[in-house]
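All remarks here apply to the structure that follows.
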Amino acid sequence: MKIVIANGMHAADYVIGIYKNHKKHQIILINDNKESAKYLADKNNIPVCYGHPNKKEVLEQAKIRDCDIFMALGYKDADNFAACLLAKKAFGARKTICTVSNPKNVTLFRDLGIDSVISSTALLADSLIAESSLEDFIKQVSIEDNSIVMVELVVKDTYHISRRRIMDIDFPKTGTISCIYRKPHAIIPNGQTVILPKDKLVIVTTPEEKDSIIKFIQTAE
Amino acid sequence: MKKPTGISLKNKTLVVGCGQLGATIANKFSKEGKNLLVVDESEKSFEQLSEDFSGYKIVGECTDLEILEQAFIKTCKEVVIVTGDDSINVLVATICKKLYNVPNVYVRLSDPDNEILLKGLGVKVIFPLELSFDKFNLMRGGK
């Protein structure tokens, strides 16, 4: 894959670390900050194209045409937006990703055509919400930009689904039990599978249906 | 910032950015009696507006949808985007067209290469440098 990382210093360094040992990936670095450019080049032994990623001539010089991923990690949201747009419209970038400082821009930028938008503040908020549910032995992970959630939940003896076959439970159609973790095994369940106390259920659902599914499971006998 | 009250809901012009160009445009429009609002993140920038300026001033980030809605973007007939930052201008223009379908959007860009970012949106782009050159060329009798 051809991966372009525009701007950012520590975030860029972290992402480079993920990709650089895979020979199948070509990494292109662009940075408009001299210090960051030098730091990234020295540390990772990869040449950095010095210049503003919002400038057409800089992207041309960096040879980003037809890249698979273009990510803009700068601190200014509007610049990240413009850089992603330029990469997509003028250079055919297949997927654009950017970070934003203002969490309100996550939805906005997505609505305006950026494929994936990441806000550390929004992630922190999501994580706080998930943590607050831990008391009820529930964890959750959001995937595909929050359109899908995976909920992890431990079955208590008092739940009405406990000691029953899945086929005998009128489980809501809006969610699926994808996996059951019963120490030390992971079970891919079918209708015959009996849910036992202390089973850890992994349920795939949508954010809208999540609460009603949790409520359904936690209903007492 | 409170929503401006007592303003007609139709045929409004919104000027985004009250620098030298924005203030000049806003002052001219105000003299023409247009139903006008100006947005800028700095209250100080409104000092460039003339004393008899009759429009509404809104302080706030022009890429914030709440601020734009306070400025009645939903019912604007035209938006003139003239901040000094091409990235912000591109973002606001995209918001105006894609989210609010504003009929007439004019955008100032410093870098002509950035025009491609607005391609297909149906906005009209102003390049101050080119306008200055054209005027200069006319003054010296060129085409």
Fill in the blank from the handout: Whole-Hz Karplus couplings 3J(HN,Hα) for the stretch A:166-180, θ = phi - 60° and coefficients 6.51, -1.76, 1.60, Gly and Pro as x, run 4, 5, 8, 9, 7, 5, x, 6, 8, x, 9, 7, 7, 7, 10
Exercise for the section: Report, to the nearest 10°, how far helix A:207-218 tilts away from the longest principal axis of the Cα atoms in chain A, using its own Cα long axis and a range of 0 to 90°. Expected result: 30
Fill in the blank from the handout: Which residues qualify? For A:V100, with a placed amide H closer than 5 Å and at least 5 residues away or on another chain, they are A:I118, A:S119, A:S120
Problem - Mean Cα-pair separation over length for chain A, i.e. relative contact order, pairs under 8 Å, 6 or more apart, % - result: 13
Exercise for the section: Take the Cα pairs of the protein assembly as shown, get the Kirkwood Rh, then feed it into Stokes-Einstein at 10 °C and 1.306 mPa s and tell me D in µm²/s. Expected result: 66
Handout entry: Residue-averaged beta-carbon neighbours from other chains (10 angstrom radius) around A:99-108
Key = 2
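What's the ranking of B:66-78, B:16-28 by average number of surrounding C-beta atoms within 10 Å, highest first?
Numbers: B:66-78: 17.8, B:16-28: 21.0.
Descending packing order for the listed peptides: B:16-28, B:66-78.
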Practice task
Tabulate in residue order the Karplus-calculated ³J(HN,Hα) for the stretch B:51-65, using 6.51 cos²θ - 1.76 cosθ + 1.60 with θ = phi - 60°, rounded to whole Hz; enter x for Gly and Pro.
Solution key: 4, 8, 4, 10, x, 9, 10, 10, 9, x, 6, 6, 9, 8, 4
Practice task
Return one number: the angle in degrees, 0 to 90 and rounded to the nearest 10, between the long axis of the Cα atoms of helix B:128-139 and the longest principal axis of the Cα atoms of chain B.
Solution key: 50
Exercise for the section: Give me the distance between the Cα centres of the stretch A:86-102 and the stretch B:30-54, rounded to whole Å. Expected result: 35
Completion exercise
Non-local residues with an amide H under 5 Å from the amide H of A:K95, with H modelled 1.01 Å from N and Pro and chain starts lacking one, are A:I69, A:F70
Handout entry: Cα gyration tensor of chain B - equivalent ellipsoid semi-axes, whole Å, descending
Key = 25, 19, 14
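Kirkwood Rh over alpha-carbon pairs of the stretch B:40-114, then Stokes-Einstein at 25 °C and 0.890 mPa s: what D in µm² s⁻¹, rounded to an integer?
Numbers: Rh = 13.2 Å.
D = 186 µm²/s.
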Exercise for the section: Just tell me how shielded A:77-87 is by partners: mean number of partner chain Cβ atoms within 10 Å of each residue's Cβ, no decimals. Expected result: 5
Handout entry: From phi via Karplus (6.51, -1.76, 1.60), per-residue ³J(HN,Hα) for the stretch A:112-120 in Hz, x at Gly/Pro
Key = 8, x, 7, 5, 9, 10, 10, 10, 5
Practice task
Sticking with the crude label model, points 7 Å out along Cα→Cβ, report the distance from B:K98 to B:N11 in nm, one decimal please.
Solution key: 3.2
Problem - Between 0 and 90°, nearest 10: helix A:34-44 axis offset from chain A longest Cα axis - result: 60
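Averaged over its residues, how many other protein chain Cβ atoms are within 10 Å of peptide B:90-99's Cβ atoms? Could the numbers behind the result be given before it?
On the way: counts 7, 11, 1, 0, 8, 3, 0, 1, 3, 3.
Whole-number average of other-chain Cβ neighbours for B:90-99 is 4.
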Fill in the blank from the handout: Looking only at aspartates and glutamates whose Cα falls under 15 Å of B:K98's and that sit 8 or more positions away or on another chain, we get A:D111, B:D64, B:E69, B:E78
Practice task
Would you mind calculating the relative contact order of chain B from Cα pairs under 8 angstrom and at least 6 residues apart, reporting the percent as a whole number?
Solution key: 21
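Report the percentage of all Cα-Cα pairs in the stretch A:2-119 whose separation exceeds 17 Å, rounded to a whole percent.
Values: 3384 of 6903 pairs.
Cα-Cα pairs of the stretch A:2-119 separated by over 17 Å account for 49 percent.
Taking only DSSP H segments of four or more residues, each worth -39500 (n - 2.57), what value at 222 nm results for chain B once the sum is divided by all its residues, to the nearest 500 deg cm²/dmol?
-9000 deg cm²/dmol
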Exercise for the section: Please give the peptides A:163-172, B:86-95 ranked by average Cβ packing (other Cβ atoms within 10 Å per residue), highest first, as a rough proxy for protection. Expected result: B:86-95, A:163-172
Problem - A:I148 long-range amide H proximity, modeled H, under 5 Å - result: A:I143
Handout entry: Entries in A:K2/B:K74; A:K89/B:K135; A:K183/A:K210 that, when Cα-Cα distance is taken, lie over 29 Å
Key = A:K2/B:K74; A:K89/B:K135
Fill in the blank from the handout: The summed charge of the A:E209 Cβ neighbourhood (under 11 Å; Lys/Arg +1, Asp/Glu -1) stands at +1
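Every number here is computed from the coordinates shown, using simple stated rules; none is lab data. This structure is a prediction, so every number in the text was calculated from the model and none was measured. Ideal geometry is used to build each Cβ from the backbone, glycine not excepted, and the neighbour counts take in all protein chains shown.
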